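What follows is one structure encoded as structure tokens, with my remarks underneath.
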Amino acid sequence: MNVEELLRRGVSSLKAYVPGRSIEEVAAEYGLSEVVKLASNENALGPTPGAIDAIRGALDGLHRYPDGGAKALAARLAQKLGVSPACVFMGNGGDDVLSVLSRTFLDEGDEVVIPRPTFSPYAHVSRVMGAKVVFSPLREMRIDLDDVFTRISGRTKIVFLCSPNNPTGGILAEGELVSFLEKLPEGLLVLLDEAYGDFADDPAYPDSVSLIERFPLVVLRSFSKIYGLAGLRVGFAVSREDVVGYMNRVREPFNVNQLAQAAALAALEDDDYKERAVALVREGREALYAAFGGMGIEFVESQANFIFVRVGDGDAATDALMREGVIVRPGSAFGHPEWIRVTVGLPEENERFLSKLKGFL
């Protein structure tokens, strides 16, 4: 049997997503007893304590199927966001939201417009459905909405925007976002990925959920970053009821597992943890900025929990840091080989990273 003859058109040209290397993998390879992971934009505080307690309390019910559609979680989110529960789509992480969105709305031959560099799964989920990906280059490391608009054609079905953008950390201000949405032609959707939005402190950062009834907007958010639940995979989208309704027809029947739902519900009530996580990132960003300035290296000011830093040879820096027990993300993964992306960690983790980076430079 020739498996390639059975493949859906375009699948053979896809590349699998390559995640950041794990602490265990790096420790084993280099014989290290201590490794700091600052590659995957995870929450340095760990999961919320309430989520851990909720998981323990849910263990006895694992022989039962989870709440299909995560209705209780969607209802609590809707209450906090001031929208109808029918406007909230729950997914097995943000990646699941992206996959269901593409399977719901993209056909062979449709087009999507994506700024670059940004989160690579936008292009992946589009190509899986046979859509053509049209890229819009960043301008001075910021999404250029004017350029994005010029690349929209009669075949464009979805525009993917990430704010704060991964890997650069820049935001789309409310004024420029609304102006862009107001001039869009009929017949397309805008996916606005705000997975890192909780860390933004720029007053221009928009209240995007308030725009979903006026514009063809799908707002994506996540429990992975702000609540430290990346390992459980809980993401959600907020959009018009009809958009969410069709996505619910396409998703898997029980796409958010029982432990994830219990943990996420508990996390939503842990405001103290959320405040500590935000404060840690904002203070850590400023400390890293000061250190980078002292080293005379270029960086992009970020509204997320990571910073994009120009180090000359990103792959060499990534390898050298890894051998010293510090994992970062090479910029070559985003088409910028002179750069690395570093997650804001605990103060002692940031200091270790800076010490090893100085040694490399």
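The values are calculated or read from the model by the stated rules, or taken from the named source; none is laboratory data. Since we're looking at a predicted model, the values are computed, not measured. Reconstructed Cβ throughout: ideal geometry from the backbone, glycine too, with neighbour counts over all protein chains shown.
Restricting attention to helices (runs of 4 or more DSSP H) lying wholly within segment 56-148, give those where 1 or more residues are under 20 Å from residue 227 (Cα atoms).
71-81, 94-105
Table: residues versus (1) in a loop (DSSP other than H, G, I, E, B); (2) in the same structural domain as residue 157 (by TED's automatic domain parsing); (3) closer than 16 Å to residue 113 by Cβ; (4) of a type in the set (Gly, Ala, Ser).
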position	(1), (2), (3), (4)
185	yes, yes, yes, no
192	no, yes, yes, no
195	yes, yes, no, yes
198	no, yes, no, no
201	yes, yes, no, no
227	yes, yes, no, no
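Could you list, in sequence order, all residues of segment 203-229 that are of a type in the set (Val, Ile, Thr) and more than 16 Å from residue 174 (Cα to Cα)?
Selection gives 226 alone.
Under the condition of being hydrophobic (A, V, I, L, M, F, W, C) and not in a helix (DSSP H, G or I), which residue from segment 251-286 is surrounded by the fewest Cβ atoms within 10 Å (Cβ to Cβ)?
Within segment 251-286, the match that is surrounded by the fewest Cβ atoms within 10 Å (Cβ to Cβ) is 254.
Scan segment 278-322 for residues that are within 20 Å of residue 162 (Cβ to Cβ) and aliphatic (A, V, I, L, M) and jot them down.
Within segment 278-322, 278, 281, 300, 304, 307, 309 meet the criteria.
Considering only residues of segment 18-40 that are surrounded by 10 or more Cβ atoms within 10 Å (Cβ to Cβ) and part of a loop (DSSP other than H, G, I, E, B), which is nearest to the chain's Cα centre (by Cα)?
Ranking the qualifying residues of segment 18-40, first place goes to 40.
Residues to consider are 278, 256, 250, 243; find the one that is closer than 17 Å to residue 65 by Cα and of a type in the set (Val, Ile, Thr).
Unique residue meeting the criteria: 256.
Is it true that residue 84 is free of Cβ contacts under 8 Å to residues at least 60 places away in the same chain and not aromatic (Phe, Trp, Tyr)?
Spelling it out, it is not the case that residue 84 is free of Cβ contacts under 8 Å to residues at least 60 places away in the same chain and not aromatic (Phe, Trp, Tyr).
Counting only residues that are of a type in the set (Asp, Glu) and closer than 18 Å to residue 160 by Cβ, which one in segment 171-226 is surrounded by the fewest Cβ atoms within 10 Å (Cβ to Cβ)?
That would be 176.
Within the group 38, 14, which residue is touching a strand residue (DSSP E or B) at 6+ places or on another chain (Cβ under 7 Å) and touching a residue at least 12 places away in the same chain (Cβ under 8 Å)?
Going through 38, 14 in turn, the sole match is 38.
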